[in-house]
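In what follows, a structure is listed as structure tokens, so that the remarks can point back to it.
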Amino acid sequence: MSGVVTLLLALVAGVGLGLLYFGGLWLTVRRLATSRRPALLFGTSLVVRLALTVLGFYFVMDGSWPRALACLGGFLIARQILTYRLRPEGAPAVAENKGGVQP
């Protein structure tokens, strides 16, 4: 397979892993308030999400650092997409600087 195609597939796999990880985190946080054992729910969710994500990265990487970086890029893209799409109604897209100190 061509190097570019392989990297694009790794990027797409990274987006999928990111959607799985951050989507699972969002679902877990939504259920915490109504859970009888929130610590167990959060801990179990963390272990499952991490295990699936690390395993996914391991198989996508297959010993190739460029593929690992492409997968990481897709993972971060998924994070940005979900952060934008799942923010509360009326929340600003960018956090405002309320401390008065310019970056």
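Out of these labelled values of Cα Rg over 2.2 N^0.38 Å, [x] 1.40; [y] 1.33; [z] 1.11, which was calculated from the coordinates shown here?
Answer by label: [y].
Taking 0.36 nm per residue of sequence separation and subtracting the Cα-Cα distance, how much length would be gained by fully extending the chain between Ile81 and Asp62, in nm to one decimal?
Length difference between fully extended and current span is 4.2 nm.
Find the percent of Cα-Cα distances in region 1-52 that exceed 19 Å, and round it to a whole number.
42 percent
With only alpha-carbon pairs counted, each pair once and no self-pairs, how large is the Kirkwood hydrodynamic radius of region 32-84 in angstroms?
About 12.9 Å, per the Kirkwood formula over Cα pairs.
Which of the DSSP-defined H helices in the chain satisfy a minimum axial length of 15 Å, computed from C-alpha atoms, and a minimum mean Kyte-Doolittle hydropathy of 1.6?
TM-like helix candidates: 3-32, 38-61.
How high is the relative contact order of region 3-85? Use alpha-carbon pairs under 8 Å, at least six apart in sequence, and give a whole percent.
Over region 3-85, the number comes to 54 percent.
Where does each of 36-42, 64-70 land if you order them by average Cβ count within 10 Å, highest first?
The densest-packed peptide leads the list: 64-70, 36-42.
Laboratory data are not the source of any read-out in this text; all were calculated from the coordinates shown. All figures in this text were calculated on a predicted structure; none of them were measured in a lab. A quick note on method: Cβ atoms are made from the backbone with ideal geometry, for glycine too, and the neighbour counts reach across all protein chains shown.
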